[in-house]
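*Asks:* Dropping a structure here in structure tokens format, bear with me for questions.
The values are calculated or read from the model by the stated rules, or taken from the named source; none is laboratory data. Here the structure is a predicted model, which is why all the values come from computation and not from measurement. Neighbour counts are summed over all protein chains in view; Cβ atoms, including those assigned to glycine, are modelled from backbone coordinates with ideal geometry. In case anyone asks, the SASA skips ligands and DNA or RNA and just uses the protein heavy atoms, side chains included. Shrake-Rupley method; radii C 1.70, N 1.55, O 1.52, S 1.80 Å.
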Amino acid sequence: MIKRLEYPTYELILPDSKVKVKYRPFNVREEKIMLLALETGNDPEIFSAICELVDVCTMGKVVLRTLSTVDAEFLFVHIRNKSLGEGLDVSAVCTSCGAKNIIDINLEHVTIEQKTVIDKKIKISDKCTVVMKFPSVEVMFNAESGPDSAALATAKCIEYIEIDGELTDCSDEDISEVVAWYEDLNKFQVAKIDEFLDSVPKLVYNDSFVCTKCKAPNTIKLEGLSSFFA
């Protein structure tokens, strides 16, 4: 039997949870599964393939679905960089003439973008405080492409509710109860929670390029897990 080569391993600290994660690059077989999912254009298949890829590359220690979006994207980009290198060719359409341009970008230059920094502990009335968490990748996916309503997606981001000094851990409650509690809030209280959710950080790549056909200046912005694969 041929002796298998050992994979190199690396460590990083996730930006939101501050958890230290050990990971390895993916191999050719694992990359092929990911590419086949991307070719389908089917969002659930792509999401499932990315989750499985991260699972094997972290030796089963990280469940991507449960990570906040910024942690998930940060980890995925680092795994991708160690597997394929920092360079990535992407297709960008010129806003002036419509010509397609192939842009060579460096994923070492991705940044974490956050509009405003808002405390996760939000006082929504004199008697009530809620402790929020950033939505997980799965919550965001189900809200955008799946079955979750906006109220359900928001309820999944409420960790604790404190009323008159009594603390409720929402993970111990049926999610339908948390949804019902959330839907009892008035619009001003909901606005405070929405403001926090609007502040969710994300991994982005911003750059500019000159169209090869008409020489017009353009900008390019990448965000989202599948954008950083290719």
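*Asks:* Could you look through the range 100-132, keep only residues that are touching a residue at least 60 places away in the same chain (Cβ under 8 Å) and of a type in the set (S, T, N, Q), and pick out the one that is surrounded by the most Cβ atoms within 10 Å (Cβ to Cβ)?
*Replies:* 101
*Asks:* Of all residues in the range 193-209 being hydrophobic (A, V, I, L, M, F, W, C) and under 13 Å from residue 132 (Cβ atoms), which is modelled with the lowest pLDDT? Before you say what the answer is, go through the steps one by one.
*Replies:* Restricting attention to the range 193-209, the residues satisfying the condition of being hydrophobic (A, V, I, L, M, F, W, C) are 193, 196-197, 200, 203-204, 209.
Pick out the ones that are also under 13 Å from residue 132 (Cβ atoms) and you get 193, 196-197, 200.
On the way: 193: 96, 196: 94, 197: 92, 200: 88.
Ranking the candidates gives 200 first.
*Asks:* Could you check the range 176-190 and list, in sequence order, the residues that are of a type outside the set (A, V, I, L, M, F, W, C) and open to solvent by less than 90 Å² (accessible area, probe 1.4 Å)?
*Replies:* Scanning the range 176-190 gives 176, 182, 186, 189.
*Asks:* Still on this structure, I have one more. Any chance you could count how many residues in the range 52-95 are open to solvent by 10 Å² or more (accessible area, probe 1.4 Å) and touching a Cys at 6+ places or on another chain (Cβ under 7 Å)?
*Replies:* Total meeting the criteria: 1.
*Asks:* Give 144, 159, 166, 173 a once-over and let me know the one that is surrounded by fewer than 13 Cβ atoms within 10 Å (Cβ to Cβ) and within 27 Å of the chain's Cα centre (by Cα).
*Replies:* Criteria check complete, one pass: 144.
*Asks:* For the range 13-35: of the residues being open to solvent by 40 Å² or more (accessible area, probe 1.4 Å) and of a type in the set (A, V, I, L, M, F, W, C), which is farthest from residue 71 (Cα to Cα)?
*Replies:* 28
*Asks:* Could you tell me whether residue 122 is over 26 Å from residue 23 (Cα atoms) and either of a type in the set (A, V, I, L, M, F, W, C) or in contact with a Cys (Cβ under 6 Å, 6 or more places away or on another chain) (or both)? Break it down into steps so the answer makes sense when it comes.
*Replies:* Numbers: over 26 Å from residue 23 (Cα atoms): yes; either of a type in the set (A, V, I, L, M, F, W, C) or in contact with a Cys (Cβ under 6 Å, 6 or more places away or on another chain) (or both): yes.
Spelling it out, residue 122 is indeed over 26 Å from residue 23 (Cα atoms) and either of a type in the set (A, V, I, L, M, F, W, C) or in contact with a Cys (Cβ under 6 Å, 6 or more places away or on another chain) (or both).
*Asks:* Can you tell me how many residues in the range 191-230 are in contact with a Cys (Cβ under 6 Å, 6 or more places away or on another chain) and open to solvent by 60 Å² or more (accessible area, probe 1.4 Å)?
*Replies:* Adding up the residues that qualify gives 1.
*Asks:* Which members of the range 77-92 meet the condition of being more than 18 Å from residue 206 (Cα to Cα) and within 18 Å of the chain's Cα centre (by Cα)?
*Replies:* Filtering the range 77-92 for residues more than 18 Å from residue 206 (Cα to Cα) gives 79-80, 82-85.
Once the filter is applied, which keeps residues that are more than 18 Å from residue 206 (Cα to Cα) and within 18 Å of the chain's Cα centre (by Cα), the range 77-92 yields 79, 80.
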